[in-house]
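The structure appears below as structure tokens.
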Amino acid sequence: MADILLIMPRIGYMDSKRSKPAIPLSLLSAVRVACREFSVKLIDIRISKDYKSEIISELNKKPLLVATTCWTGPMIRDVIDVLKIVKSSSNVPTVVGGVHPSLLPSQTIEDRLIDFVIEGEGEEAFYRLVKYIKYGGSIEDIPALWYKDGTTVKHNKKGPLLDLGNLPDLSYEILNIEDYLPLYAGRKSISFESSRGCPFACRYCYQGPFNNRIIRFMPADEVVRRLENIHKRYGVEDIYFIDDNFYIDLERGRAIAEGLRDLGLTYQVQGVDVLSLMRMDSGYLRLLEESGLRRITIGVETGSERLRKYLNKKGSINDIVDVIRRLSSYNIIVYCSFFGGYPEEKIEDIEKSVELILKLIEINPNFRCSPYYIYIPFPGTPMFEEMVGNGFFKPPENFRGWGEFSWESNPYIYTQGKEKAELYRRLYFLTLFADSKFKEYETNYIIKTLSSIYGIIARYRLKKFNFKFMPEMSLYKLILRL
């Protein structure tokens, strides 16, 4: 019998585009302290052949609690389905954590299926909660916990932010790690977190309310030690850093690169800002390439200078162009994310974003455009508060309502009218194919060939800004599995 039952929901359509799902990093992080004392069972909906029967079987063994996680969007739908199984089959208490419950803990705990919510970082709070359920004690001593006392919702103060270097290694042994090593360029890849937070104040980003704009780093030597361990132990060949802003500390970035250079690993970095890239000279960039860096992602978001100021983004359009041009000299894939749909974005702003995307494709063959995402109004962010305060957006009245929100489509976008909402859906679809990103997915030759052919059409439509009569949109839901 396991003391703790973890359940990983589906993340979204990207799971189906990888050769294997990404490691359930949020759940592994949450139990990294507790699993030193308590046994853990993980059921992952993404890979289980019959997760409902598995859940019921584990519930019959009477675990101490069931824990799951989610961020804003479709994951919430899975969470609700799972918790319905738990509550209809047992009286085992349930706890939910992650980004969305941390942004709206009060609303989340009101759901009848949820007994506890952990707000923010979960390692220490989760451990104390499990101890409380097994041994008793004072529930008020558990930091950042939301709970119910009869019909009354109560919550405890959050504790201090954690020191990443002092947290134990993740307990990879609670899962079959071979199930979670998707291929990137033919190499077994694993996600890794080496820092938390971001000091910038972008108006749309949840990092502000979630981490208080404080960034914390795991020391470079500890990062290298842990990566060398999983490389030798599990045959990992590629690392995907999920950090929000990896190169804020350039010397730390250099030390990690130097440490990884001799391990034979390649690596990718999810979060990089333009200002940090501007501070890198050619020697630094050459070191990154030689150390195995194969991909970075930059949050560009818009090609409109006016909107960059509104979003509080650092760096100008010229800075972005200069950086992407400089990076063309190195064997590093450069993803740039874009999104739109917020009230301040006008058609001329969209045109500027499309123009920038096409320009970056032209100047750097390694440039990749993340799809033109549809804005999600994350609770607690300045943009969210402004939109709600102005009466422009009425947020869902309960936790379950947020399950309809995603980067691909969500109820918010229809507040701008059906015609404009359809424009954003078409932009998303076209920018999926506008560059060569499909070449990097582990998919079959036919799909890659068709994607490459359609890319010519997609770029033509974007260049002409002509999105009328698009029968190919019938494939939208099929491709995204919405």
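Observations on the model:
- Debye log10 I(q)/I(0) for the chain, one point scatterer per Cα, at q = 0.12 Å⁻¹: -1.17
- Values of log10 I(q)/I(0), in the order q = 0.19, 0.20, 0.25 Å⁻¹, for the range 30-119 under a Debye, Cα-only, solvent-free model: -0.93, -1.03, -1.47
- Mean ellipticity per residue at 222 nm, deg cm²/dmol - from DSSP H runs of n ≥ 4 across the chain, formula -39500 (n - 2.57): -11000 deg cm²/dmol
- Think of the range 4-155 as a dipole: +1 on every Lys or Arg Cβ, -1 on every Asp or Glu Cβ, centred on the Cα centre; then among L83, F116, S102, L83 lies furthest on the positive end.
- FRET efficiency, 1/(1 + (r/R0)^6) with R0 35 Å, evaluated for E351 and N331 via beta carbons: 0.65
- Pairwise FRET efficiency - D141 versus S89, Cβ, R0 = 25 Å, nearest 0.05: 0.25
- Members of K20/K232; K52/K131; K84/K148 lying beyond 22 Å, as alpha-carbon distances in this model show: K52/K131
- I47-M473 FRET efficiency (beta carbon distance; Förster radius 35 Å; 0.05 resolution): 0.70
- Per residue convex hull volume, Cα atoms of the range 310-420, in Å³: 126
- Coordinate range along principal axes, alpha carbons of the range 251-360, Å, largest first: 49, 23, 21
- Volume per residue of the C-alpha convex hull in the range 4-155, rounded to whole Å³: 106
- C-alpha center-to-center spacing [the range 1-69, the range 372-409] in angstrom: 28
- Extension gain for the segment K394 to V321, taken as residue separation times 0.36 nm less the Cα-Cα distance, is 22.6 nm to one decimal.
- Net charge in the neighbourhood of R196 (other residues with Cβ under 12 Å of its Cβ; Lys, Arg +1, Asp, Glu -1) is -4.
- Relative to one another, the C-alpha centroids of the range 70-113 and the range 255-297 are positioned 38 Å apart.
- For the range 387-453, the normalised intensity computed at q = 0.19 Å⁻¹ comes to -0.83 (log10 of I(q)/I(0), Debye sum over alpha carbons, equal scatterers, no solvent).
- Taking every C-alpha pair closer than 8 Å and separated by at least 6 residues, the mean separation divided by the residue count of the chain gives a relative contact order of 13 percent.
- The range 4-155: antiparallel DSSP beta bridges as a percent of all, rounded to 5: 30
- Relative to the current alpha-carbon distance between E362 and A255, full extension at 0.36 nm per residue lengthens the span by 35.2 nm.
- Cα gyration tensor shape of the range 105-263, rounded if a/c is under 1.5, else prolate or oblate by comparing a/b with b/c: prolate
- Inter-centroid distance (Cα atoms) of the range 183-244 relative to the range 306-357, Å: 24
- Ranked S88, S436, S316, criterion: other C-beta atoms within 10 Å, fewest first: S88, S316, S436
- DSSP beta bridges confined to the chain are antiparallel in about 20 percent of cases.
- Calculated diffusion of the range 19-82, Stokes-Einstein form, Kirkwood radius summed over Cα pairs, 4 °C and 1.567 mPa s, µm²/s: 98
- Sorted from longest to shortest, the spans of the Cα atoms of the range 181-262 along the three principal axes equal 39, 26, 18 Å.
- For peptides 127-133, 50-56, sequence by mean Cβ density within 10 Å, most packed first: 127-133, 50-56
Any read-out appearing in this document is the output of simple, stated calculations on the displayed coordinates, not a laboratory observation. Everything numeric here is computed off the predicted structure, so don't read it as measured data. Every residue, glycine as well, gets a Cβ built from its backbone with ideal geometry; the counts of neighbours run over all protein chains shown.
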